[in-house]
Amino acid sequence: MSRISEDGYPWDSVFHTRFRSMLRNVLPRTAVKWMIEQQMNRWFNHENYGLEPQNKYIMKEPVLNDDVPSRLLCGAIKVKSTVKELTETSAIFEDGTVEENIDVIIFATGYSFSFPFLEDSLVKVENNMVSLYKYIFPAHLDKSTLACIGLIQPLGSIFPTAELQARWVTRVFKGLCSLPSERTMMMDIIKRNEKRIDLFGESQSQTLQTNYVDYLDELALEIGAKPDFCSLLFKDPKLAVRLYFGPCNSY
């Protein structure tokens, strides 16, 4: 996808609004999928270049890049089929074509994370998935003295996300906010994981994926920083409209 969206605005300032987030939550999944596909294919049809994903468009993070289409058109980038076999200096593809004299092969398979400096009983990772309450707190500790900041993959900027996480964590550590019972936290972890699988699939690269606006509002609610739209409609209606329909960005 291009970084430039409707009317020349940055993509994230158009995509990340509370209004559009609400539409994506209430509309049928097929309708949301179709709308996002139309937006992604507006610049160039991915199917024509063999770049259409096998899974749903909304199940993967979009790649924001303004150079790929022009590079494809001029032949600087060539899209190939699946690799069938590798020799010492060449690659054989399933369509029968061969690329000779290859110097470097990059396996863009993503990352596997772990915490070798912690005991397995504290933060256990299974299939690239970690059970943390709201992606932050281990649920089984007697005292809330451990938290993970930034261990999340939002469809948006990581820095505002980590900032709100840190603000909540400091309040918990200082005793200004309290966490629910272990049972409640485990139920939230299970439900959140089920919702994530429904939205983004079971790929190990998507185990930390979450909706940007919804998650930030969750964190803001925990520290009392979420805007009260009903109150703002009477006190400052212009601000309320901007908060609801405007971009949820830090710039």
Over all Cα pairs of the chain, the Kirkwood radius sets Rh, and Rg/Rh then becomes 1.02
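Under a Cβ-only charge scheme (Lys and Arg +1, Asp and Glu -1), can you give me the dipole magnitude of region 83-202 about the Cα centre, in debye to the nearest 20?
The dipole magnitude comes to about 1320 debye.
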For region 111-141 and region 1-42, what is the separation of their C-alpha centers, rounded to whole Å?
32 Å
If one puts a single equal scatterer on every Cα of region 98-141 and applies the Debye formula without solvent, what log₁₀ I(q)/I(0) results at q = 0.16, 0.22, 0.23 Å⁻¹?
-0.56, -0.82, -0.87
Could you tell me how many degrees, from 0 to 90 and to the nearest 10, lie between the Cα long axis of helix 182-200 and the main elongation axis, the longest principal axis, of the Cα atoms of the chain?
30 degrees
For region 97-251: relative contact order, % (alpha-carbon pairs under 8 angstrom, 6 or more apart):
22 percent
For region 6-77, take every pair of Cα atoms, bin their distances at 5 Å starting from 0, and report each bin as a whole percent.
3, 12, 22, 26, 18, 11, 4, 2, 0
So what's the angle, to the nearest 10 degrees on a 0 to 90 scale, between helix 158-174 and the longest Cα principal axis of the chain?
30 degrees
Exposure proxy check on H140, H46: fewest-to-most Cβ neighbours within 10 Å is H140, H46
Toy charge model, Lys and Arg Cβ at +1, Asp and Glu Cβ at -1: region 6-77 dipole around Cα centroid in debye, rounded to 20, equals 380 debye
Would you be so kind as to identify which of F234, I102, L86 lies farthest towards the positive end of the dipole of the chain, taking Lys and Arg as +1 and Asp and Glu as -1 on Cβ and the Cα centre as origin?
F234
Subtracting the Cα-Cα distance of W34 and M186 from 0.36 nm times their residue separation yields 51.3 nm
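Residue separation times 0.36 nm, minus the C-alpha to C-alpha distance between V104 and T82: what's the value?
6.2 nm
Under a Cβ-only charge scheme (Lys and Arg +1, Asp and Glu -1), can you give me the dipole magnitude of the chain about the Cα centre, in debye to the nearest 20?
Approximately 1220 debye in magnitude.
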Rough spin-label spacing in nm, given labels placed 7 Å along Cα→Cβ, for E126 and N25
3.0 nm
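Any read-out appearing in this document is the output of simple, stated calculations on the displayed coordinates, not a laboratory observation. Quick caveat, the model's predicted, so the values are computed rather than measured. Positions of Cβ are generated from backbone atoms using ideal geometry, with glycine treated the same way; all protein chains shown enter the neighbour counts.
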